[in-house]
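*Asks:* One structure coming up, written as structure tokens, with questions to follow.
The values are calculated or read from the model by the stated rules, or taken from the named source; none is laboratory data. Predicted, not measured: the structure shown is a model, and the values here were computed from it. Glycine gets a Cβ as well: all are built from the backbone with ideal geometry, and neighbour counts include every protein chain shown.
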Amino acid sequence: MNPFERMIAFRYLRSRRQEGFVSVIAVFSLLGIMLGVATLIIVMAVMNGFRADLMGRILGFNGHLTVYSAPGAPLNDFDQIAAKIKAVPGVTAAYPEIEGQVMATSRDQSSGVLVRGVSAQTIEAQSLIAKNLSPNALVGFNDGGIIIGQRLAFKLGVRPGDSVTLISPQGTPTAFGTMPRIKAYRVAGTFNVGMYEFDNGVIFMPLPQAQIYFQLPNAVSDISVFVAKPDDVRAYDQAVSNAVGDRMRIFDWQQSNLSFFNAVEIERNVMFLILTLIIVVAAFNVISSMIMLVKDKGRDIAVLRTMGATRGMILRIFMLSGASIGVVGTALGFVLGVEFAAHIEAIRQFIQDIIGTNLFAPEIYFLTQIPARIDPYEVGSVVAMALALSFLATIYPSWRAARLDPVEALRYE
């Protein structure tokens, strides 16, 4: 494309009094493409960050595989079973544990919680938990205290050093009926992993104390297994099953959270489809503005043709005019989207401080802050799609301009 064609193309984009309305439509088309690209980048980054952050916290807090015995039967030989599991290639750790549902009460507050009986070594090995403990929590844990979620501590109104009473529905049979098991434990510390479900509903108890409380002497309820490649956890199912025997039941994290992550993936795809329509609508605005520009510039096209401009030159002039709207809009949308996604949590905090309303309630969205993960390949596909749609939108108006008969145009002018 020669300098003459570029000069004419960019001159047509500048507003004049006669064609000011055409220029306004072009500006709105540019803004539409910019907002469409930016919104798509932001939403996809948040969806990617939400899935990755949620998966990271679930895998960092729970085992990748969980091995259970037959229904209702405890694991008495758990040390031998754990040793067999650790010998499976790709397995990094196997920790015996006890899990049970109880009611936690303190003062006038109560809440249903999951008690997890583990060893201090198990907590230290899980970096997500170990890095988010209150000071000296493990010291008190080794002395028989319990570690509770920070939000649960706030809900119950307790601090480290206070007592929490646990009530188990699996009571002790007596002559007067079944009496619930009630025992008070000292709070050794708190944890805050940033996921509402865990911070508000989990208590860690020393394994020996849990064996006494849940009446499982020298036994556990399950074994939590960690593997080297959690995304390929299904590949370990059969190997672990062969190591422990057919009498054991095995559940991996994908089975436990399948419906949830499927829902997140479906929502992600639907959001991508809906937000793509914004760019498509903006592309139609480019078509309409270019058709009006061609109609308005009919006399100019005729003059250019009589001066020796070929149909190919006219075609390239109008394609460059229309494509410039798409390129500039896509570039601005790219910058806006990436910058907004990179600082979305700070922006959320700023807006939240102004309006005084919590915009990201953790009890609804599971996480305590808005995550965002920018995928370069995904951003590249969004930019490529916007440029392609912008380019396609210029083809028909440019073809009409190139096919314009100069004689007819001058006659009606």
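*Asks:* Please note which strands (runs of 3 or more DSSP E) are completely contained in the range 101-184 and include at least 1 residues that are among the aliphatic types (A, V, I, L, M) and touching a Ser or Thr at 6+ places or on another chain (Cβ under 7 Å). Let's see the steps before the verdict.
*Replies:* Details: elements: 109-118, 146-149, 163-174.
Where strands (runs of 3 or more DSSP E) fall fully within the range 101-184 and carry at least 1 residues being among the aliphatic types (A, V, I, L, M) and touching a Ser or Thr at 6+ places or on another chain (Cβ under 7 Å), they are 146-149, 163-174.
*Asks:* Next up: In the range 301-357, what residues are part of a helix (DSSP H, G or I), without any contact (Cβ under 8 Å) to a residue 40 or more places away in the chain and either surrounded by 17 or more Cβ atoms within 10 Å (Cβ to Cβ) or among the basic types (Lys, Arg) (or both)?
*Replies:* 348, the sole residue that qualifies.
*Asks:* Moving to a separate point now. Within the range 71-91, identify whether any single residue is under 23 Å from residue 219 (Cα atoms), in contact with a Ser or Thr (Cβ under 7 Å, 6 or more places away or on another chain), touching a residue at least 40 places away in the same chain (Cβ under 8 Å) and outside any strand (DSSP E or B), and answer yes or no. Walk me through it before giving the result.
*Replies:* If we filter the range 71-91 for residues that are under 23 Å from residue 219 (Cα atoms), which is where we start, we get 71-88, 91.
Filter once more, keeping what is in contact with a Ser or Thr (Cβ under 7 Å, 6 or more places away or on another chain): 74-75.
Narrowing the set further to residues that are touching a residue at least 40 places away in the same chain (Cβ under 8 Å) leaves 74-75.
Filter once more, so that each one left must be outside any strand (DSSP E or B): 74.
Yes, the range 71-91 contains a residue that is under 23 Å from residue 219 (Cα atoms), in contact with a Ser or Thr (Cβ under 7 Å, 6 or more places away or on another chain), touching a residue at least 40 places away in the same chain (Cβ under 8 Å) and outside any strand (DSSP E or B).
Condition check ((1) farther than 19 Å from residue 170 by Cβ; (2) out of contact with any strand residue (DSSP E or B) (no Cβ under 6 Å at 6 or more places or on another chain)) across all residues:
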site: 188; (1), (2): yes, no
site: 200; (1), (2): yes, no
site: 208; (1), (2): no, yes
site: 211; (1), (2): no, yes
site: 221; (1), (2): no, no
site: 227; (1), (2): yes, no
site: 231; (1), (2): yes, yes
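*Asks:* Okay, next question. Mind telling me which of the residues 278, 291, 250 ends up being of a type outside the set (Gly, Ala, Ser), surrounded by 15 or more Cβ atoms within 10 Å (Cβ to Cβ) and touching an Asp or Glu at 6+ places or on another chain (Cβ under 8 Å)? Full working, then the answer.
*Replies:* Details: 278 fails: touching an Asp or Glu at 6+ places or on another chain (Cβ under 8 Å); 291 fails: touching an Asp or Glu at 6+ places or on another chain (Cβ under 8 Å).
Of 278, 291, 250, the one residue that is of a type outside the set (Gly, Ala, Ser), surrounded by 15 or more Cβ atoms within 10 Å (Cβ to Cβ) and touching an Asp or Glu at 6+ places or on another chain (Cβ under 8 Å) is 250.
*Asks:* Here are some residues: 58, 41. Which one is modelled with pLDDT under 85 and either buried (at least 21 other Cβ atoms within 10 Å of the Cβ) or part of a helix (DSSP H, G or I) (or both)?
*Replies:* Checking each option against the conditions leaves just 58.
*Asks:* For the range 138-157, which residues satisfy the criterion of being within 32 Å of the chain's Cα centre (by Cα) and of a type outside the set (D, E, K, R)?
*Replies:* Here is the first cut: in the range 138-157, the residues within 32 Å of the chain's Cα centre (by Cα) are 138, 146-157.
Across the range 138-157, the qualifying residues are 138, 146, 147, 148, 149, 150, 152, 153, 154, 156, 157.
*Asks:* Are there any pairs, at least 6 apart or on different chains, whose C-beta atoms fall under 6 Å, with the first in the range 112-133 and touching a residue at least 12 places away in the same chain (Cβ under 8 Å) and closer than 16 Å to residue 151 by Cα and the second of a type in the set (Gly, Ala, Ser) and in a strand (DSSP E or B), and if so, which?
*Replies:* 113/104; 115/100; 133/189
*Asks:* I would also like to ask the following. Hey, can you tell me all the residues within the range 64-95 that are closer than 15 Å to residue 225 by Cα and touching a Leu at 6+ places or on another chain (Cβ under 7 Å)?
*Replies:* 69, 81
*Asks:* Go through the range 197-211 and give me each residue that's assigned to a helix (DSSP H, G or I) and either acidic (Asp, Glu) or more than 17 Å from residue 181 (Cα to Cα) (or both).
*Replies:* Once the filter is applied, which keeps residues that are assigned to a helix (DSSP H, G or I) and either acidic (Asp, Glu) or more than 17 Å from residue 181 (Cα to Cα) (or both), the range 197-211 yields 197, 198, 199, 207.
*Asks:* Can you name the residue in the range 185-196 that is part of a strand (DSSP E or B) and touching a residue at least 60 places away in the same chain (Cβ under 8 Å) and is also nearest to residue 117 (Cα to Cα) among such residues?
*Replies:* Among residues in the range 185-196 that are part of a strand (DSSP E or B) and touching a residue at least 60 places away in the same chain (Cβ under 8 Å), the one nearest to residue 117 (Cα to Cα) is 191.
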